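The values are calculated or read from the model by the stated rules, or taken from the named source; none is laboratory data. Small disclaimer: the values here were computed from a predicted structure and weren't measured. Positions of Cβ are backbone-derived with ideal geometry, glycine not excepted, and every protein chain shown enters the neighbour counts.
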Amino acid sequence: MLRSYTPADALTIGNAACGTITIFLCLNYLVEDRRSILWIAFVLLPLALVCDILDGYVARLNRTRQSLLGGDLDSLADVISFGVAPAVIGFTLGLRGGWDMLVLTYFVVCGVSRLARFNVTASALADSATGKVKYFEGTPIPTSVAIVALLAVAFAQGAIDDRIWLGAVRFWGANFHPLSLVYGVSGSAMISATLRIPKP
């Protein structure tokens, strides 16, 4: 299988690796409570985004060797780095109430659904002359890096756990942090059929 990988696939694997290490670092932070560990996690997700951008660029440069795995590999890597990893960062910083976990799960499921829809509809959305997809339906999942940036600011200000922005409320036996709504809004934007964004 390794022999079938293209240079673009290697970048996609780099994307997946950044997301996976981010998750491990978050788990490590919950055990050791060392701030430097979480700062590395914050840096890795923008690095995953760089890999995600470059893999498409490199794939277009090397049209003579097309990857059979490329599209699926890219979607699976994006689920890890821009779906699960940002949700785990939110949980790590204090969005651990029962309702928060429901919102974080909704966010990840929206990301998975959005990527599946893109994979199924890409050929229908592609320009007949160039074969390139002209626009995204819903916001692309890598936009979750904006949530990670917001949480990095909160972390820098010490706004985590009991001090997290907007506090917490309790209803129906579970805690809810209003800050988790940024994940809910982002997830809803990803699966929106009416929101069309030109693809660069």
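Some notes on this structure:
- Test: residue in segment 174-194 that is of a type outside the set (A, V, I, L, M), at pLDDT below 85 and more than 14 Å from the chain's Cα centre (by Cα): yes
- Total residues in segment 6-27, condition modelled with pLDDT under 95 and farther than 21 Å from residue 75 by Cα: 0
- Residues of segment 50-78 satisfying the condition of being closer than 27 Å to residue 147 by Cα and either at pLDDT 95 or above or small (Gly, Ala, Ser) (or both): 56, 70, 71, 75, 77
- Within segment 89-133, if we keep just the residues that are part of a loop (DSSP other than H, G, I, E, B) and at pLDDT 70 or above, the residue that is farthest from residue 74 (Cα to Cα) turns out to be 97.
- Checking each residue in segment 150-194 for being without any contact (Cβ under 8 Å) to a residue 12 or more places away in the chain and among the hydroxyl-bearing types (Ser, Thr, Tyr) picks out only 194.
- Taking residues in segment 30-44 that are in contact (Cβ under 8 Å) with a residue 12 or more places away in the chain, and partners anywhere that are of a type in the set (Phe, Trp, Tyr) and buried (at least 18 other Cβ atoms within 10 Å of the Cβ), the pairs with Cβ atoms closer than 6 Å and at least 6 places apart or on different chains are 37/29; 38/29.
- Of all residues in segment 9-29, those that are within 15 Å of residue 71 (Cα to Cα) and in contact (Cβ under 8 Å) with a residue 60 or more places away in the chain have Cβ atoms under 6 Å from Cβ atoms of residues that are of a type in the set (D, E, K, R) and assigned to a helix (DSSP H, G or I), 6 or more apart or on another chain, in 12/55; 12/74; 15/52.
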